[in-house]
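Working notes, beginning with the structure itself.
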Amino acid sequence: MRRRVLLTILWLVTDVLVYIGAYVLAYFARVGWILSTDLTLQSLLPPVLISATAWLFVMITMRNFGLTRSQRSLKTWAYITYACVIGMAAFALTFYFLQQGIFSRLLLLLGGIFSTTIVNYILERYIYCSCSKILF
């Protein structure tokens with residue numbers, strides 16, 4: 001039982017870190033590897049952190065973190081994609097209200113694409129399935 005709780009907590013933390021990392025990667029893909037003065041990374045992180053909590057809430061309420069659930073099913077893929085779309089909407093709203101405007105729609109689109117792709121394919125399908133087979 002203790003292993004399951006530890007695995008679930010580790011799963012939550014890694015998913016949130018990857019979600020945040022996807023939006024930071026989108027920032028660097030849009031702005032460039034040299035930090036911008038128009039849109040600083042410090043002004044991007046608060047909306048990303050707020051949207052990460054909304055995204056995590058959606059993922060938890062849809063029961064995506066069930067250890068007995070098949071992570072390779074089309075239903076799980078659709079749930080994660082839906083949660084990433086909700087995360088994109090939360091990011092757009094929080095960024096708009098915190099910064100009084102949208103800096104780049106491409107940044108929003110890249111963040112959504114990166115978060116959906118990375119969380120769906122890399123984390124949920126391969127790494128988690130491998131770890132659950134090893135631990136259980």
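Filter the stretch 95-116 down to residues that are buried (at least 18 other Cβ atoms within 10 Å of the Cβ) and more than 19 Å from residue 61 (Cβ to Cβ) and give me whichever is farthest from the chain's Cα centre (by Cα). Outline the logic, then answer.
Going residue by residue through the stretch 95-116, those that are buried (at least 18 other Cβ atoms within 10 Å of the Cβ) are 95, 103, 107-108, 110-112, 114-116.
Imposing the further condition that a residue be more than 19 Å from residue 61 (Cβ to Cβ) reduces the set to 95, 103, 107-108, 110-112, 114.
Details: 95: 16, 103: 20, 107: 14, 108: 13, 110: 12, 111: 9, 112: 8, 114: 8 Å.
Per the criteria, the residue is 103.
Go through 85, 58, 119 for me and flag whichever is within 19 Å of residue 25 (Cβ to Cβ) and modelled with pLDDT of 85 or more. Write out each step before concluding.
Values: 58 fails: within 19 Å of residue 25 (Cβ to Cβ); 119 fails: modelled with pLDDT of 85 or more.
Matching residue, one of 85, 58, 119: 85.
With respect to residue 114, is the statement that it is assigned to a helix (DSSP H, G or I), out of contact with any Leu (no Cβ under 7 Å at 6 or more places or on another chain) and either on the phi < 0 side of the Ramachandran plot or modelled with pLDDT of 80 or more (or both) true? Talk me through it step by step, then tell me what you get.
Values: assigned to a helix (DSSP H, G or I): yes; out of contact with any Leu (no Cβ under 7 Å at 6 or more places or on another chain): no; either on the phi < 0 side of the Ramachandran plot or modelled with pLDDT of 80 or more (or both): yes.
Considered against the rule, which asks whether it is assigned to a helix (DSSP H, G or I), out of contact with any Leu (no Cβ under 7 Å at 6 or more places or on another chain) and either on the phi < 0 side of the Ramachandran plot or modelled with pLDDT of 80 or more (or both), residue 114 comes out as no.
Could you please find all residues in the stretch 6-62 being in a helix (DSSP H, G or I), within 15 Å of residue 99 (Cα to Cα) and of a type outside the set (Val, Ile, Thr)?
The initial filter retains those residues of the stretch 6-62 that are in a helix (DSSP H, G or I), namely 6-31, 41-61.
Checking which are within 15 Å of residue 99 (Cα to Cα) leaves us with 41-51.
Across the stretch 6-62, the qualifying residues are 41, 42, 43, 44, 45, 46, 47, 49, 51.
The values are calculated or read from the model by the stated rules, or taken from the named source; none is laboratory data. The model shown is predicted, which means the values in this text are computed figures rather than measured ones. Neighbour counts run over all protein chains shown; Cβ positions are idealised from the backbone, glycine included.
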